[in-house]
Amino acid sequence: KKVEELESRMSTDVKKVRVRERELENRLELARLEKTALIRSKDETILDLKRTIDLLNAELESYKQKTLDLQQKIEDVQEQVGRTVRALRLALSNLETDETIAEKIVPIKKAD
């Protein structure tokens, strides 16, 4: 009788252990799935951030190039303005010289 009780208890204990083992296996599988999902999510976030960084770097390079182009245009315009100012000063100087010469020339009177 005792042997039967022990066998029955042992059988019950083995069943409990198997149930507990299945529960733990299920929890382990869920933990693995959660870990995989979390890693996938983090990888996607990292890739999105890398794409964003690449886009921002490309945009920055574009702005740098635009800045260089605009700086060149400014320099060209400044150079052109400088040439124009020099030309106007030269023209003004020539006009002043022509006026001075005209003032010094005595008009010739006609003979009567």
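The values are calculated or read from the model by the stated rules, or taken from the named source; none is laboratory data. These numbers were taken from a predicted model, which means no experiment stands behind them. Note that we place each Cβ from the backbone using ideal geometry, even for glycine, and neighbour counts take in every protein chain shown.
Regarding residue 94, is this residue at pLDDT 95 or above and either over 41 Å from the mean Cα position of the chain (by Cα) or assigned to a helix (DSSP H, G or I) (or both)? Quick ask: steps written out before the conclusion?
On the way: at pLDDT 95 or above: no; either over 41 Å from the mean Cα position of the chain (by Cα) or assigned to a helix (DSSP H, G or I) (or both): yes.
Answer is no for this residue.
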>> Considering only region 17-32, I want to know if a residue exists there that is assigned to a helix (DSSP H, G or I), β-branched (Val, Ile, Thr) and over 33 Å from the mean Cα position of the chain (by Cα).
In response: yes
>> So if I check each of 43, 54, which one is under 11 Å from the mean Cα position of the chain (by Cα) and either surrounded by fewer than 10 Cβ atoms within 10 Å (Cβ to Cβ) or in a helix (DSSP H, G or I) (or both)?
In response: 54
